[in-house]
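What follows is a set of notes on a single structure, which appears directly below.
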Amino acid sequence: MLARWLISASWRTQVRVLSPLLRRLKSRLSFLRCMLFYVYVLHNVAYSKIYIGYTADLSARILSHNQLAKKGYTTKFRPWRLIYTEAFKSKDSALKREKELKSARGRKFIRDLIEKDYIERRSSC
C-alpha cells in the first residue's frame, strides 16, 4: 500500500508524502522546468531613462510597459524601446543578473550600450 505514495524529502522541509494524483500533476507541470526567463533593458530616448526587469513572457511584458499598464514608473516615460535581453533557464539566475545590471557597474554597461547605439545611428545618417 505504501508503494502507491511518492515520498519526497528536502533538506529544508520534513519528509512529505505525496498522493498519486499530486505526483501526476507534478509530472504534467514539468514544462515549467523548460521555461526561459528573460532579463531585459528598456530605454526611453526623450527622457533618457532606463528600466531593468525580468519576465517569462518578454513580448507581453513590453506590451504592458508601452500600452497596457495603467500605473507605475514605466507609464510616466512612454514609449520604451527594448535595447538588451538575456535568456536564462532558471528564475534565480535571471534575478541574479537583473540585480547585477541594477548595480553601478551594470548601469555603466547599459549606458555604454546606449552610447554605442547612438553613435552607430548618427554615423549611418
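Listed here are the residues, each with its yes/no results for (1) outside any helix (DSSP H, G or I); (2) surrounded by 13 or more Cβ atoms within 10 Å (Cβ to Cβ); (3) β-branched (Val, Ile, Thr).
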| position | (1), (2), (3) |
| --- | --- |
| Glu86 | yes, yes, no |
| Arg97 | no, yes, no |
| Glu100 | no, yes, no |
| Arg107 | no, yes, no |
| Leu113 | no, yes, no |
| Lys116 | no, no, no |
| Ile119 | no, no, yes |
| Arg122 | no, no, no |
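Tell me yes or no: at least one residue of region 71-82 is in contact with a Lys or Arg (Cβ under 9 Å, 6 or more places away or on another chain), among the basic types (Lys, Arg) and at pLDDT 60 or above.
The answer is yes; a qualifying residue exists.
Could you check how many residues of region 46-64 are in contact (Cβ under 8 Å) with a residue 12 or more places away in the chain and out of contact with any helix residue (DSSP H, G or I) (no Cβ under 9 Å at 6 or more places or on another chain)? Show your work before the answer.
The initial filter retains those residues of region 46-64 that are in contact (Cβ under 8 Å) with a residue 12 or more places away in the chain, namely 46-47, 49-56, 58, 61-62.
Narrowing the set further to residues that are out of contact with any helix residue (DSSP H, G or I) (no Cβ under 9 Å at 6 or more places or on another chain) leaves 46-47, 58, 61-62.
Qualifying residue count for the region: 5.
The values are calculated or read from the model by the stated rules, or taken from the named source; none is laboratory data. The model shown is predicted, which means the values in this text are computed figures rather than measured ones. No Cβ is skipped: glycine too gets one built from the backbone with ideal geometry, and neighbour counts run over all protein chains shown.
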